[in-house]
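The values are calculated or read from the model by the stated rules, or taken from the named source; none is laboratory data. The shown structure was predicted, so the numbers you read here are calculated from the model rather than taken from an experiment. Every residue, glycine among them, receives a Cβ derived from its backbone with ideal geometry; neighbour counts consider all protein chains shown.
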Amino acid sequence: MWRIRAFEELALRGLHEKLVLGAIHPSIGQEAVAAGVCPNLDRHDVLLSTHRGHGHTLAKGADPLAMMRELFGRAGGNCGGKGGSMHIADFGVGMLGANGVVAANIVIAAGAAHAVKLKRESKVVCCIFGDGAINRGPFLEGLNWAKVFGLPVLFVCEDNGFAATTRTRAMTAGEGPSARARSLGIAAEEVDGNDVLAVDAAARQAIAALRDGGGPRFLHLHTYRLTGHTGADPAAYRPKEEVEARWKDDPISRAAALLEAAGHPTASLAEARNAAYAEMIAAYEAARETPFPPVDQAFADVQDVGDPRAEAF
Amino acid sequence: MPFMTYAEASRAAIAEEMRRDPAVWAVGEDLGRGGVFGQYKGLVEEFGPERVSDAPISEACIMGAAVGAAMMGTRPIVEMRFSDFALCAVDELVNQAAKARYMFGGQTRVPLVVREPIGMWRSSAAQHSQSLEAWYAHIPGLVVVCPSTPADNKGLLKSAIRCDDPVVYMEHKNLWGLEGEVPEDDDFTVPIGEARVVREGGDLTIVSWSAQVHVCVKAAEALATRGIKAEVIDLRSLWPWDKARVLASVEKTGRLLIAQESVSVAGFGAEVAATVAERLHKALKAPVKRLGAPRAPISYAPPLEDAARVSKEMIVNTAEGLVRT
Ligand SMILES: Cc1ncc(C[n+]2csc(CCOP(=O)(O)OP(=O)(O)O)c2C)c(N)n1
Ligand SMILES: [Mg+2]
């Protein structure tokens, strides 16, 4: 969780220093979701994430230097600097992409799991999406699909209470994400998403059930976005007091308190924190020294047939 | 060579490719009963319901699942039933399938074929008749194929299935029953991006694709009786399109007429016209001319539906006008 926090803080610094070029969506305050879910996946298991995906991607095992380079649009980024924050993917660790289109990852995850089934593989697929995503059609289509075909998908609704500047509940009918999943016969569990141990336990159990071939599972994790929607959003649409109160529920402090209560020495916690910051600062410094990709990459990897430069300029 | 219909040819293509490559599978509504036009008949019996899969009426999920399954090493054939319904899955096709390879920096490919039947057919009216090929020709990352004969439907579909790019494969609904000779050979394919010269001639070049090609051929026959030799070129694919073949022909004839069933405005004919105008200004003996549908929805009543068609007579008259100037 410290690694994610440190990465996000440096990404925000990069935005202010104009090293990060496009929009970023920090997950500060939501680290227990990534840290509780992703370590329960094996390297070859598959993850699909959202526009707010830095934490999930790190927790799936992606290299922070490659990620920082991607945010800076540099050569050696996960996507060669062609995707940026909202399109980070690392197929080498089974991370099949963040997505710039809300809910689009849900149907892709269903298909990834469909391929797993067709190929008789033992992988599972994990799809993380926000509370706003449940109001798009692909949520229904993807969940129905996974259930009908009995696919090994763990759907994780990372509910931070907001869809951009809007309180999601104000725009959502009915009982919310879990109820919608259950209405399709998908076992769903609602968990305090700021309690990393609870998330870990729920994810472990759900993933074990997937591996036993029981069809899709659903986790609804309650958390809170402690920063703005994007790095540039001051989040003036919510009262200061609300955010201050929520800082008291910071998942990292909660995890640290648990460890201390269990007798873990404070010094070793500080050490872990410092190591995380040192790692991400090193990634930041190395990324800023990396050149932009060569311009010929602008027209590479478009498609095999046809010349992308035809009739242009 | 055996005779078969356009629909049978596509079925043969899929069966051969599914036998050849276990990664190929098909998914869409009603495929288990052979598909709504019978273009999958018999396939579920041979390959089973996993590889010839039914789907819920979830176009976005059919397309999106195909994207995920393609990124995981399978080669899905996606059935959209009517190109009109594929509009429910445009995000999955345009934002996801067409972009994944590029925006992920070459980490993945999305080798899927999406079959989107197009065209006017038996009073299908405004939501079941559209020809939307130009939409997808405009999208980087996509391949667009519009076969006009049974042989091409087999050879091009096989090439599309083997292609590592997402291919929008647009069969014309009015051609399902069209018969023709089709090579039986398993290795027979038609390369994507090569036009077919349907008929040679030195007086003018007529460029078309899909079902409209057959109208152009009839027009060329009529023109021949009036002493005008038209060269008819079937583009077969719009991206990539066989620019070299069209330019060579127009260089020879000095005249170009493009005929398309789809709406003329911002259609693919405009692309062909502009390319020829840019490259061959000096060789042209007459202005380039386009014929396409008016910018109106397609009607239900047959006389109104017909009013939107580019007819043989229109092609003949326009061609004559170009040659006699
Ligand atoms: C289809 C679509 N509509 C709108 C947007 C703009 N948008 C980006 S993030 C976002 C809010 C998403 O909320 P939620 O799913 O709860 O995720 P969160 O940002 O809270 O992590 C919106 C509306 C988008 N990216 N895609
Ligand atoms: Mg949210």
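Residues in the stretch B:100-114 that are facing chain A (nearest Cβ under 8 Å) and not in a helix (DSSP H, G or I) were compared, and the one that is farthest from B:Gly32 (Cα to Cα) is B:Gly105.
Find the residue count for the stretch A:125-149, including only residues that are in contact with a Pro (Cβ under 8 Å, 6 or more places away or on another chain) and either within 16 Å of ligand 2 (Cβ to nearest atom) or in contact (Cβ under 8 Å) with a residue 12 or more places away in the chain (or both). It would help to see each step written out before you state the result.
Residues of the stretch A:125-149 in contact with a Pro (Cβ under 8 Å, 6 or more places away or on another chain): A:125, A:131, A:134, A:141, A:143-148.
Subsequent filtering for residues that are either within 16 Å of ligand 2 (Cβ to nearest atom) or in contact (Cβ under 8 Å) with a residue 12 or more places away in the chain (or both) retains A:125, A:131, A:134, A:141, A:143-147.
Total satisfying the criteria: 9.
One residue alone among A:Asn99, A:Asn160 is over 19 Å from B:Ala65 (Cβ atoms) and either buried (at least 20 other Cβ atoms within 10 Å of the Cβ) or within 15 Å of ligand 1 (Cβ to nearest atom) (or both), and that residue is A:Asn160.
Comparison of B:Ala270, B:Ala277, B:Ala219, B:Ala244 shows that the only residue that is of a type in the set (A, V, I, L, M) and in contact with a helix residue (DSSP H, G or I) (Cβ under 7 Å, 6 or more places away or on another chain) is B:Ala219.
Which of the residues spanning the stretch A:102-117 are buried (at least 21 other Cβ atoms within 10 Å of the Cβ) and away from ligand 2 (no atom under 16 Å from the Cβ)? Working first, answer last.
Residues of the stretch A:102-117 that are buried (at least 21 other Cβ atoms within 10 Å of the Cβ), as a first pass: A:103-116.
If the condition is that a residue be buried (at least 21 other Cβ atoms within 10 Å of the Cβ) and away from ligand 2 (no atom under 16 Å from the Cβ), then A:Val107, A:Ile108, A:Ala109, A:Ala110, A:Gly111, A:Ala112, A:Ala113, A:His114, A:Ala115, A:Val116 are the ones that fit.
Among the residues of the stretch B:84-95, just one is touching a residue at least 24 places away in the same chain (Cβ under 8 Å), surrounded by fewer than 24 Cβ atoms within 10 Å (Cβ to Cβ) and at the interface with another protein chain (Cβ under 8 Å from one of its Cβ atoms), namely B:Asp91. For the stretch A:44-142, the helices (runs of 4 or more DSSP H) that sit wholly inside it and include 3 or more residues that are over 26 Å from A:Leu10 (Cα atoms) and within 12 Å of chain B (Cβ to nearest Cβ) are A:104-118. I'd like to know if the stretch A:180-202 contains one or more residues that are more than 27 Å from A:Val116 (Cβ to Cβ), away from ligand 1 (no atom under 16 Å from the Cβ), at pLDDT 95 or above and not in a helix (DSSP H, G or I). Yes: one or more hits.
Residues checked against (1) over 28 Å from A:Glu121 (Cβ atoms); (2) away from chain B (no Cβ under 14 Å); (3) more than 16 Å from ligand 2 (Cβ to nearest atom):
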| residue | (1), (2), (3) |
| --- | --- |
| A:Cys157 | no, yes, no |
| A:Ala170 | yes, yes, no |
| A:Ala181 | no, yes, yes |
| A:Leu197 | yes, yes, yes |
| A:Arg204 | no, yes, yes |
| A:Leu210 | no, yes, yes |
| A:Gly213 | no, yes, yes |
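Residue pairs whose Cβ atoms lie under 6 Å apart, separated by 6 or more positions or on different chains, with the first residue in the stretch A:224-244 and closer than 17 Å to A:Glu9 by Cα and within 14 Å of chain B (Cβ to nearest Cβ) and the second more than 15 Å from ligand 1 (Cβ to nearest atom) and assigned to a loop (DSSP other than H, G, I, E, B), do not occur. Candidates A:Ala276, A:Ala232: the one that is farther than 30 Å from A:Val116 by Cα and part of a loop (DSSP other than H, G, I, E, B) is A:Ala232.
Apart from one condition, A:Arg180 fits all of (1) farther than 25 Å from A:Thr230 by Cβ; (2) touching an Asp or Glu at 6+ places or on another chain (Cβ under 6 Å); the exception is (2).
When the strands (runs of 3 or more DSSP E) confined to the stretch B:134-248 are screened for residues that are among the small types (Gly, Ala, Ser) and buried (at least 24 other Cβ atoms within 10 Å of the Cβ), those reaching at least 1 such residues are found at B:204-208, B:230-234, B:237-239. Scanning the stretch A:203-229 for residues that are in a loop (DSSP other than H, G, I, E, B) and over 17 Å from the mean Cα position of the chain (by Cα), we see that the one that is nearest to ligand 1 (Cβ to nearest atom) is A:Pro216.
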